[in-house]
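Peer 1: Structure provided below as structure tokens; questions to follow.
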Amino acid sequence: MMDPDTTAFLASALLFFLLYEIIQHFTRRRRQGPYPPGPKPWPMIGNWFDIPFYRPCETYLEWGKHYNSDILHTEVFGQHTVIINSREIADELLEKRTRNTSGRIYFPITQLLDWGYNIALMVYGDEWRRHRKACQQHLNREAAKSYQPIQIKKTHEALLALLQSPEKFAAHNRMHSLGITMDMMYGYQLKSLDDPVISAAKKAIELGNQVWSQTGSLINTFPILGRVPTWVPGAMSQKITKESARWTAVMKSIPWEDTKRRMAEGNITPSLLTQFLERKATVGASEEEEEILKNVAYTVYGAASDTTESATGTFFYAMAKNPNVQKKAQAEIDRVVGTNRLPDFTDRSSLPYIEAIYREVMRSAPPLPLGLMHTLAEDDVCEGYFLPAGTQVFPNIWAITHDPNTYKDPHAFQPERFFNEDGTLNDDDRILAFGYGRRVCVGKYVASSTMWITIVSILACFDIGKAKDERGNDIEVDDEYVEHGLICHKKPFKCSITPRSNLSRKLIEEAAGECK
Ligand code: HEM
């Protein structure tokens, strides 16, 4: 038998359901047309049981074929969601009508998690505008160049790590993307993946992801449930949010305190926050400016590291599977850069095949296959379908970059698809993996440079191939991806990474020595 607390909790939840349905019934707006097609919703819960959890991007592509539509609809507890499978519709809704489609859904759980600092989750309004402006100031095309010395230094450190323990390439990849981010934002030098900042952020994000979605917690549908104290049986979300918020506070405080300590000691490495603090000490800055800059740094930690790690993971996978692509790239590097030095950013415009590999990595496995949701400020009509205000729209970036009408043989890794017949790069240089409209990834220039210098440096120094088993046979690499929240990663796999020559080995050791 249930104890009285549980019975009371369930009874109030049921009451809320009923109240909700009644309110929905009386407040439902007049529809200006049908909703886009999708699975038939159940009363009250809507499509709760239809929402796909494994590789939703692929399921939505299948739905698109089933319903013969590139725009699809689901509804869960009255929250409308639209998924777009075509480039044209995504451009129409998320680029041309970006004024109406730049919102983010507000989950009441965000405040309980203490994730209000996160620019990517902020609703469209003045607070977001102030943060976005600060991001643009520090991450625009020109500003992004100031991080190149960090990107080079960290990439050379990664080359050394690959030389010393190639079998740990996935860990080196993670260390590389996190190390660049922490250095850029705080000048914080990450020594290992066991660093307390990394563990705290991991715990905060893993816990938070369990509840930060429409179906993750009832609090997102019935905000009043957020007031239920943690001791009430069944109040799981409250326990999770409390624990996640505790780790978020740790994740924020360690690098910030470290930055202040180093500044006080006069041990300053250039970074977003040290530059700001120096400016504050000389010409002054407001408390609000400081808060915004700190929020930018905290946000970038999450926004930059997992995404870059995912894309670099795809690069290793693509190289292990496509030796011909690798050979062609290395021939280009040897011809343009030579073998007596490591590549640097001045080489970028002279290496079109490397550029094409970068584009193909981002096309073949966009790190956020469904992007981030945008929400509608006002009712809209698209392709004859009615989209009520508040609808969340997901661009199915993976489906769009795998459309065989645009990308022939879309599952093959073919950098050649980005060339004109005369051998020059074509104009398909928009990286859809960075998203859409006013919410497009504000770190795209930084991300592009990190990806490029990583790809070109690894190819200049190493051969990546299939690993061998104990009998000397190739170990095949599977094609599976796994999802962590909205971000997908190549499923762990083995590959062999060997220096191309003794000269490459020497170049790496020299370059890494200079980093110290
Ligand atoms: C391969 C690497 C990356 C990928 C694939 C990526 C992708 C994305 C995507 C899809 C969005 C959402 C866009 C939308 O709403 O339509 C986004 C937002 C964002 N990204 Fe990135 N990103 C990457 C790296 C970075 C880096 C390096 C930074 C910072 C240095 C960064 C900072 C941000 C921020 C702050 C937002 C939120 C923008 C807003 O909501 O206004 N990202 N990113």
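The values are calculated or read from the model by the stated rules, or taken from the named source; none is laboratory data. Everything quoted here is computed from the prediction, not taken from an experiment. Quick reminder, even Gly has a Cβ in these numbers, built from the backbone with ideal geometry, and neighbours come from all protein chains shown. Remember, those area values only see protein heavy atoms, side chains included, never the ligands or the DNA or RNA. Shrake-Rupley method; radii C 1.70, N 1.55, O 1.52, S 1.80 Å.
Peer 1: Describe numerically, in nm with one decimal, the distance between label points set 7 Å from Cα along Cα→Cβ at Gln164 and at Thr230.
Peer 2: Using points 7 Å along Cα→Cβ, the separation is 3.9 nm.
Peer 1: Could I ask something else about it? Can you list the aspartates and glutamates whose alpha carbon sits under 18 Å from that of Lys328, skipping same-chain ones fewer than 8 residues off?
Peer 2: Asp347, Glu355, Glu360, Glu416, Glu421, Asp422, Asp463
Peer 1: Another question, if that's okay. When the Cα centres of the stretch 43-98 and the stretch 428-501 are compared, how far apart do they sit, in Å?
Peer 2: If we compute the Cα centre of each part, the gap is 28 Å.
Peer 1: How far apart, in nanometres, would the label points at Gln111 and Ser501 be if each is projected 7 angstrom from Cα along the Cα-to-Cβ direction?
Peer 2: 6.4 nm
Peer 1: Can you give the helix-only mean residue ellipticity at 222 nm for the chain, where every DSSP H stretch with n ≥ 4 adds -39500 (n - 2.57) and the sum goes over all residues, rounded to the nearest 500 deg cm²/dmol?
Peer 2: Taken over the chain, the calculation gives -16000 deg cm²/dmol.
Peer 1: Filter the cross-link list Lys191/Lys252; Lys96/Lys252; Lys154/Lys260; Lys202/Lys494 down to pairs whose alpha-carbon distance in this structure exceeds 27 Å.
Peer 2: Lys96/Lys252
Peer 1: Given a 1.4 Å probe, how much area per residue of the chain is accessible, in Å²?
Peer 2: On the way: 24280 Å² over 516 residues.
Ligands and nucleic acids excluded, the result is 47 Å² per residue.
Peer 1: Contact order normalised by length for the chain, with contacts defined as Cα pairs under 8 Å and 6 or more residues apart; what percent is it? List each step's numbers first, then the result.
Peer 2: Details: 749 pairs, mean separation 114.8, N = 516.
It comes to 22 percent, rounded to a whole number.
Peer 1: While we're looking at this one, here's another question. Applying a 10 Å radius around every beta-carbon, put 70-79, 183-192, 503-512 in order of their mean neighbour count, most first.
Peer 2: Highest mean packing first, the order is 70-79, 183-192, 503-512.
Peer 1: Please give the contour-minus-distance gain from Glu509 to Leu193: 0.36 nm per residue of separation, less the Cα-Cα distance, rounded to one decimal in nm.
Peer 2: Values: separation 316, 0.36 × 316 = 113.76 nm, distance 2.21 nm.
Length gained, Glu509 through Leu193: 111.5 nm.
Peer 1: Take the solvent-accessible surface of the protein heavy atoms, probe 1.4 Å, and return the percent of it on the stretch 59-142 that carbon and sulfur atoms account for.
Peer 2: 46 percent
Peer 1: What is the dipole size for the stretch 367-516, taken about its Cα centre, with +1 at each Lys and Arg Cβ and -1 at each Asp and Glu Cβ, in debye to the nearest 20?
Peer 2: Using Cβ point charges on Lys, Arg, Asp and Glu, the stretch 367-516 gives about 720 debye.
Peer 1: Hydropathy at least 0.5 by Kyte-Doolittle, axial extent at least 27 angstrom from the Cα trace: which helices of the chain, defined as entire DSSP H runs, fit?
Peer 2: Span-like helices, by this rule, are 4-27.
Peer 1: According to the square roots a ≥ b ≥ c of the eigenvalues of the Cα gyration tensor, what is the shape class of the stretch 283-330, taking rounded for a/c under 1.5, prolate for a/b larger than b/c otherwise, and oblate for the remainder? It would help to have the intermediate numbers written out before the result.
Peer 2: Values: a/c = 10.36, a/b = 3.56, b/c = 2.91.
The shape class here is prolate.
Peer 1: Explain nothing, just the number: relative contact order of the stretch 125-199, from Cα pairs under 8 Å at least 6 residues apart, as a whole percent.
Peer 2: Working: 32 pairs, mean separation 16.1, N = 75.
It comes to 21 percent, rounded to a whole number.
Peer 1: Further, regarding this structure: Would you kindly work out the equivalent ellipsoid of the stretch 420-516 from its C-alpha gyration tensor and give its semi-axes, the square roots of five times the eigenvalues, largest first in whole Å?
Peer 2: 30, 23, 17
Peer 1: If the viscosity is 0.890 mPa s and the temperature 25 °C, what translational diffusion coefficient in µm²/s does Stokes-Einstein give for the chain when Rh comes from Kirkwood over Cα pairs?
Peer 2: 99 µm²/s
Peer 1: At a 1.4 Å probe, what is the % contribution of carbon and sulfur to the accessible area of the stretch 347-474?
Peer 2: 45 percent
Peer 1: Which of the aspartates and glutamates could be linked to Lys468 by a straight reach, that is with a Cα gap under 16 Å, when you skip same-chain ones fewer than 8 residues away?
Peer 2: Counting by Cα, and skipping residues close in sequence, Lys468 has these aspartates and glutamates nearby: Glu167, Glu476, Asp478.
Peer 1: Considering Cα pairs under 8 angstrom that are at least six residues apart, work out the relative contact order of the stretch 181-312 and quote it in whole percent.
Peer 2: For the stretch 181-312, the relative contact order is 35 percent.
Peer 1: Specify whether the C-alpha gyration tensor of the stretch 124-275 places it in the rounded, prolate or oblate class, a ≥ b ≥ c being the square roots of the eigenvalues: rounded for a/c under 1.5, otherwise prolate if a/b is larger than b/c and oblate if not.
Peer 2: prolate
Peer 1: I've got another one for you. Got a number for carbon plus sulfur as a percent of the stretch 160-291's accessible area, 1.4 Å probe?
Peer 2: That fraction is 58 percent.
Peer 1: Could the peptides 345-352, 85-92, 458-465 be put in order, highest first, of the mean number of other beta-carbon atoms found within 10 Å of their residues?
Peer 2: Values: 345-352: 15.0, 85-92: 19.1, 458-465: 22.5.
Result, highest mean first: 458-465, 85-92, 345-352.
Peer 1: Give, as a single signed number, the net charge of other residues whose beta carbon lies under 14 Å from the beta carbon of Asn473, with Lys and Arg counted +1 and Asp and Glu -1. Before the final figure, lay out each step's value.
Peer 2: On the way: positive: Lys466, Lys468, Arg471, Lys494; negative: Asp469, Glu470, Asp474, Glu476.
Result for the neighbourhood of Asn473: 0.
Peer 1: In Å and from the alpha-carbon atoms only, list the Rg and Dmax of the stretch 109-214.
Peer 2: 16.7, 49
Peer 1: Among Leu94, Leu160, what's the order by accessible area (1.4 angstrom probe), most exposed first?
Peer 2: In descending accessible area the options line up as Leu160, Leu94.
Peer 1: Can you work out the FRET efficiency for the pair Asp428 and Val283, with r the C-beta to C-beta distance and R0 = 51 Å, to the nearest 0.05? Before the final figure, lay out the partial values.
Peer 2: Numbers: r = 44 Å, r/R0 = 0.86.
The calculated FRET efficiency here is 0.70.
Peer 1: Sort the stretch 28-116 into rounded, prolate or oblate with this rule: let a ≥ b ≥ c be the square roots of the eigenvalues of the Cα gyration tensor; rounded if a/c is under 1.5, and if a/c is not under 1.5, prolate when a/b is larger than b/c, oblate otherwise.
Peer 2: rounded
Peer 1: Can I ask one more? Along the charge dipole of the chain, which of Asn118, Tyr317, Gly64 sits closest to the positive end, that is, farthest toward it, with unit charges on the beta carbon of Lys, Arg, Asp and Glu (+1, +1, -1, -1)?
Peer 2: Asn118
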